1. Quick one, could you list the DSSP H helices from the chain stretching 15 Å or more along their long axis (Cα atoms) with average Kyte-Doolittle hydropathy of 0.0 or above?
2. Compute a Gaussian network model of the chain, connecting alpha carbons closer than 10 Å, and tell me which residue from ALA28, ALA101, ALA18 fluctuates the most.
3. Going by C-beta contacts inside 10 Å, put GLU135, GLU93, GLU110, GLU115 in order with the fewest on the left.
4. Springs between alpha-carbon atoms under 10 Å, Gaussian network over the chain: tell me which of ARG131, ARG68, ARG118 tops the mean-square fluctuations.
5. For the chain, list the cysteines whose Cβ sits under 4.7 Å from no other cysteine Cβ?
6. Can you tell me how much longer the chain between LEU136 and LYS95 gets when fully stretched, taken as 0.36 nm per residue apart minus their C-alpha distance, in nm with one decimal?
7. Wrap a convex hull around the Cα atoms of the chain, take a quarter of its surface area, and give that in square nanometres.
8. In nm, what is the difference between 0.36 nm times the number of residues separating THR113 and ARG162 and their Cα-Cα distance?
Amino acid sequence: MDALFRNPRTLPALLVAACLGALGTALASQYWGGLYPCVLCIYQRYAYGAAMALAALAFLLAAAPAGRRLALIGSGLAFTAGIAIAVFHVGVEQKWWQGTAQCHAPQLPENATVEQLREILLNQPFAPCDRIPWELFGVSMAGYNVLAYALLAALTFWAAFRPTQGR
């Protein structure tokens, strides 16, 4: 496996591709699959975006080992933040704890007419964080994100801290 990663751009390129795949899957499930994301799903997308940007920076800094290592560490930290968000989301789904304030239905004005309430509700998409819209083998999308983030974080930190062998 080490021979595969001798080129300092290989792993950052794979990390960017993995993040693009995760974000692409999320967007496809939203726009083609009709699974509107909750706020915690959106936060998980931010972690993938940050990790991808830092992995792209590591790709560009391939000739500067210290800069590449720093960018990979940053990418690994973004993946680690993604783990925390995804674990929190799984806990909300399993009702182990409460979600954030944005996880609950929007507050409606008290004096609103029925037509105003209807307009507010129809024009404000909302997905509660504690409902599981899709699962496979009993694992939700947030659960799969925990696994994906953990794998990507481990791989990223491995690449950042492995001996450079003369590079």
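Any read-out appearing in this document is the output of simple, stated calculations on the displayed coordinates, not a laboratory observation. What you are looking at is a predicted structure, and each value in this text was computed from that prediction instead of being measured. Every residue, glycine among them, receives a Cβ derived from its backbone with ideal geometry; neighbour counts consider all protein chains shown.
1. On the way: long enough: 10-31 (31 Å, 1.40); 39-60 (32 Å, 1.43); 65-93 (41 Å, 1.14); 141-161 (30 Å, 1.50).
The qualifying helices are 10-31, 39-60, 65-93, 141-161.
2. For the chain, modelled as a Gaussian network with Cα springs under 10 Å, the answer is ALA101.
3. On the way: GLU135 13, GLU93 21, GLU110 5, GLU115 8.
With the fewest neighbours first, GLU135, GLU93, GLU110, GLU115 line up as GLU110, GLU115, GLU135, GLU93.
4. Maximum fluctuation in the GNM of the chain, among the listed residues, is at ARG118.
5. Within the chain, the cysteines lacking a partner Cβ under 4.7 Å are CYS19, CYS41.
6. Residue separation times 0.36 nm, minus the Cα-Cα distance, leaves 12.9 nm.
7. On the way: hull surface 48.3 nm².
For the Cα atoms of the chain, the hull's average projected area reads 12.1 nm².
8. 11.3 nm
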